[in-house]
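The values are calculated or read from the model by the stated rules, or taken from the named source; none is laboratory data. As the structure is a computational prediction, the values presented were derived from the model and not from experiment. In this analysis, Cβ positions are derived from the backbone assuming ideal geometry, glycine residues included, and neighbour counts consider all displayed protein chains. For the accessible areas, the whole protein counts, side chains as well, though only heavy atoms, and no ligand, DNA or RNA atoms are used. Shrake-Rupley method; radii C 1.70, N 1.55, O 1.52, S 1.80 Å.
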Amino acid sequence: MGVTVKGDKELIAAFERLDKTVDTKARKATRDGAKVFEQRLKTDTPRDKTGTDHSGMTPLAEHTRIGNLRGSTGNLEIPVGYDTEKGWIVHFPNSGTSKQPAQHFIEKAQAESKRPVIAKFVEDLKL
């Protein structure tokens, strides 16, 4: 597929259209990548066999969240993690305590989702 451009104005207009297309695709790729990682994080977050935690609340895996797209610095990013209701407790099972060994499920989710996120980026960013 070729684009025939005649003159400076047409060249600039073609670049502007391409820039908007790339930005739209980059935003979609970032959102889709965040969804892939959130699903892996939800899967890898440990669950109590009873279906609730010691506080009687829903399992930590039910508290994963995807934040809003940020791009003010020129780099697109979306925070993925846990909500404020139970997010403060995540570091105890993930990093461990004196009475509980570290489970490192966040790091595991990051490692396991790296290839699928990159594959989704490549798919979404094709022009």
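Might you tell me the accessible area per residue for the chain, computed with a 1.4 Å probe and given in Å²? Don't skip to the end; give the middle numbers.
On the way: 9180 Å² over 127 residues.
Per-residue accessible area for the chain comes out at 72 Å².
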Mind listing the phi-derived Karplus ³J(HN,Hα) values for region 32-39, rounded to whole Hz, using 6.51, -1.76 and 1.60 with θ = phi - 60°, and x for any glycine or proline? 5, x, 5, 5, 4, 5, 4, 5
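Give the range of the longest stretch in the chain that excludes all trypsin sites (Lys or Arg not before Pro) found in loop regions by DSSP and having at most 16 other beta-carbon atoms within 10 Å. Mind dumping the intermediate values first?
Working: sites that count: K6, R47, K49, K99, K126.
Between the exposed loop sites, the longest stretch runs 50-98.
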Amide H contacts under 5 Å for Y82, restricted to residues at least 5 apart in sequence or on another chain and with H modeled in the peptide plane, are R65
Residue among F92, F105, F37 with the largest mean-square fluctuation in a Gaussian network model of the chain, springs linking Cα atoms under 10 Å: F92
What percentage of all Cα-Cα pairs in the chain are separated by more than 25 Å? 43
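Report, in deg cm²/dmol and to the nearest 500, the calculated mean residue ellipticity at 222 nm for the chain, where each DSSP H run with n ≥ 4 adds -39500 (n - 2.57) and the sum is divided by the residue count. Don't skip to the answer; put the middle values down first.
Values: 3 runs with 63 residues, N = 127.
About -17000 deg cm²/dmol.
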Which of G67, G96, G81 moves the most in a Gaussian network model of the chain with Cα springs under 10 Å? G96
Return the carbon/sulfur percentage of the accessible area of the chain, one whole number, probe 1.4 Å, all protein chains in place. 55
Centre separation in Å (Cα based) which lies between region 67-125 and region 34-50: 10
Return the sequence-ordered ³J(HN,Hα) values of region 80-87 in whole Hz as given by the Karplus equation 6.51 cos²θ - 1.76 cosθ + 1.60 applied to θ = phi - 60°, using x for Gly and Pro. 10, x, 10, 6, 6, 5, 10, x
